[in-house]
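Notes follow the structure.
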Amino acid sequence: MSTVKRTWIVNGERWTLDVPPARRLLDALRQDLGLKGTKEGCGEGECGACTILLNGEPVVSCLVAAGQVPDGTEIMTIEGLEKTEGGRILQQAYIERGAAQCGFCIPGMIMSSYALLSKQRNPDDGTIREAHAGNICRCTGYEKIVEAVKLAADRWPAP
Ligand code: FES
Ligand code: FES
């Protein structure tokens with residue numbers, strides 16, 4: 001199978017790998033780089049479990065082909081996010097508000113939360129719901145997630 005060489009900045013580290021161009025970015029991250037924090041739910045772009053950040057923008061990695069991701073792209077997964085202050089604030093807020101139950105949706109959900117709060121420090125409820133519209137949670141009913149994001153917003157570090 002033919003491959004392409006790609007060099008990305010993943011969680012702040014430079015990685016070069018040879019990948020089949022059509023390989024899903026989700027698989028490249030989980031299997032080639034061993035970053036298993038990103039989850040696969042539907043595999044069809046519907047659930048948001050596989051959400052990561054590409055150059056700061058949330059995307060579902062099951063729908064992205066590795067060959068489409070240019071050299072130099074900054075990729076952040078939940079493993080990188082938990083090393084950031086914002087990531088730690090979000091995790092703590094999710095715990096305090098009881099927003100994580102089975103936990104399967106949480107890595108993708110928190111990536112969407114982080115993308116939102118990185119751009120908007122005081123989002124209202126509607127904006128929070130909209131920012132997480134692509135992330136499905138079967139357990140929490142979403143209200144606790146909204147409360148967790150609001151708590152994290154109150155604690156968000158100054159720019
Ligand atoms: S696994 Fe990617 S959106 Fe569901
Ligand atoms: S906590 Fe179970 S799916 Fe969200």
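Computed from the coordinates by the stated procedures, all read-outs in this text should not be read as laboratory data. Owing to the predicted nature of the structure, the values given are computational and were not obtained by experimental measurement. Note that each Cβ is placed from the backbone with ideal geometry, even for glycine, and that neighbours are counted across all protein chains shown.
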query: Where does the charge balance sit around THR38 when Lys and Arg score +1, Asp and Glu -1, over other residues with C-beta under 12 Å from its C-beta?
result: +1
- request: Between ARG138 and GLU96, take the C-beta separation as r, use R0 = 35 Å, and let me know the FRET efficiency to the nearest 0.05.
  value: 0.95
- request: Work out from phi, with θ = phi - 60° and the Karplus expression 6.51 cos²θ - 1.76 cosθ + 1.60, the ³J(HN,Hα) of each residue of the stretch 134-149, listed in order in whole Hz, and give x for Gly and Pro.
  value: x, 10, 8, 10, 8, 10, 9, x, 6, 4, 5, 5, 4, 5, 5, 5
- line: The FRET efficiency for THR73 and ASP154, from their Cβ-Cβ distance with R0 = 25 Å and rounded to 0.05, is 0.20
query: How about the stretch 38-108: which GluC sites (Glu not before Pro) there are in a DSSP loop, with at most 13 other Cβ atoms within 10 Å of their Cβ?
result: GLU44, GLU46
task: Step through the residues of the stretch 3-20 one at a time and calculate ³J(HN,Hα) from phi using the Karplus curve (6.51 cos²θ - 1.76 cosθ + 1.60, θ = phi - 60°), rounding each to whole Hz and writing x for Gly and Pro.
output: 10, 10, 8, 10, 10, 10, 9, 10, 6, x, 10, 7, 10, 10, 9, 9, 10, x
task: Relative to the longest principal axis of the C-alpha atoms of the chain, give the angle of the C-alpha long axis of helix 85-96, reported between 0 and 90° and rounded to the nearest 10°.
output: 50 degrees
task: Mind putting a number on the dipole of the chain about its Cα centre? Charges go on the C-beta only, +1 for Lys and Arg and -1 for Asp and Glu, and I need it in Debye to the nearest 20.
output: 180 debye
statement: Note to self: C-alpha centroids of the stretch 94-113 and the stretch 12-28 sit apart, in Å, by 26 Å
